[in-house]
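> First the structure, which I've put down as structure tokens, then a few questions once you've had a look.
Taken together, the values in this text are just the output of simple stated rules run on the coordinates, not laboratory data. Everything quoted here is computed from the prediction, not taken from an experiment. Cβ placement follows ideal geometry from the backbone for every residue including glycine, while neighbour counts extend to all protein chains displayed.
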Amino acid sequence: MHTHLASAHGQPPLIDTEGGAATRLKPNGLHASWTTLTPRIHHASNYFWCLLADRGMRLLPERDAQLFLATVGHLIAGGDNHAGRTALLAAFAPTYRHLGLQPYHHQTLVDALTATVARHAPTTWTSTIAEQWRRHGHHVLNLTHRAAHRLTTTHPWTPAQIIDRDPATDTTTVLTLRPRRRLHYEPGQALPVTTLHRPGAWRWYSPANAPRPDGTIELHVRAVPDGPVSPCLTHLAAVGEYVWLGPPYHAGLTLDPDHHGDLLLAGGGTGLAPLRAIVEHLTATGATNGRQRRVTLIVGARTLEDLYDSITLDTLQTTHHEWLTIRPTFTDDPLVDPAAQGDVLTAVLDHYRPGHHVHVAGPPALIDHARHRLPLAGIPANHLHLAETFTRPTSPAVEPTGGTRFSRRQDTTTRRKAAPLR
């Protein structure tokens, strides 16, 4: 999934990324100078950290200097999409607060940042660009401060080592990660993820497994053409390397704690990941109120070769056949059984029964179609749970329980309340 603020189970911090520093304030000179610096990010971050230390600011650990510089520089320079900026802020805001940063630190940070870019991108440097970095640096840090202090969690980003890499198809890779610090998440949530192959660029991914005793996390990554992160994770990231994970956030898919009836789960592409995590969770929790809820999982793919997680799905189906039904559907494979041909949403309507809660995950186009098509077909809005794709403007809404979630303007889909911090 390319697929949260008062708790780690709330919604991502909102700091006006549609009209804020990442878009409205984005002169070409910022982006050009940052692009010149990024190949030298390792040396630049050493220089940046030494400047901070020389000026008596020691809140930033040296081990985090490269990721900090890459992230804040990427945000100031702009050029990313809405989902990428939201993922970046969801990782950066709690880290900002964890480090104990305050507005009186901003001048030192901006001075060090400006000096670092000037030294490592001299061919693009002018007095005008220097002023832009200073002005926009203050703007971004002030916005981050406001977002960070809406949080009740201070869990920062954490490194996670890649301990296994399975190239499931030509474009999809399954990564198994061991985070340095255990992440407490619910199946269906999403994490901001970055790699130093593309410094400062963050993207959303959902764990494909329920929480495990050993704390490992499985990510399903499909390479998006021209994407800044997914091709690196799919083709370049190797066993032994580290990626960085932000705290978990609700992304529209977590189970409704007040509903114990049957479920209809539908995923297109790597949208399967959060839904598989939900199924794994149900295999461990067993019957609720004396009844084992029945689950139908629809798995959409283009062809049979694109069904990348078939072995795990077969194992789940065989082991839990008494309550779990898995139905693959293929949009572009004339060789499969005609009953298995078709699109995900048509399969949803074929399998839907009154009382089902329906969870849909997948590419943004699939979610947009589901948002319009499924309610028109009679599925109640409060039974429909759609993956948050972070591609449309959102605004924060504080819930009575103290949790904060995303509420869409003019969106009729009901969202569940944020769970309290565990």
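> Nearest-5 percent of antiparallel DSSP beta bridges in region 286-347?
Taking every DSSP beta bridge within region 286-347, about 10 percent pair in antiparallel fashion.
> Restricting attention to region 156-254, which trypsin sites (Lys or Arg not before Pro) occupy a DSSP loop and are surrounded by at most 15 other Cβ atoms within 10 Å?
Of the trypsin sites (Lys or Arg not before Pro), the ones in loops of region 156-254 whose Cβ has at most 15 other Cβ atoms within 10 Å are Arg180, Arg181, Arg182.
> If I model a spin label as a point 7 Å beyond the Cα along the Cα-Cβ vector, how far apart are those points for Arg302 and His149 in nm?
4.9
> Starting from region 128-208, pick out the chymotrypsin sites (Phe, Trp or Tyr not before Pro) whose DSSP state is loop and whose Cβ has at most 14 other Cβ atoms within 10 Å. Mind showing how you got there, number by number?
Details: sites: Trp133, Trp157, Tyr185, Trp202, Trp204, Tyr205; in loops: Trp157, Tyr185.
Listed in order of number, the matching sites amount to none.
> Can you tell me the length gained on complete extension of the stretch Ala53 to Thr108, counting 0.36 nm per residue apart and subtracting the Cα distance?
Between Ala53 and Thr108, full extension yields 18.8 nm more.
> Need one number: nm distance between label points at Asp368 and Asp350, each 7 Å from Cα along Cα→Cβ, rounded to one decimal.
Placing both labels 7 Å beyond Cα along the Cβ direction yields 2.6 nm.
> Residues in region 57-71, backbone N under 14 Å from the label point at Arg119 (7 Å along the Cα-to-beta-carbon vector): list them, ranges by number please.
66
> Cα centroid distance between region 340-370 and region 54-127, in Å?
What the calculation gives is 41 Å, centre to centre.
> What distance in nm separates the two pseudo spin-label positions at Trp323 and Arg165, each 7 Å out from Cα along the beta-carbon direction?
Taking the simple label geometry, Trp323 and Arg165 are separated by 3.8 nm.
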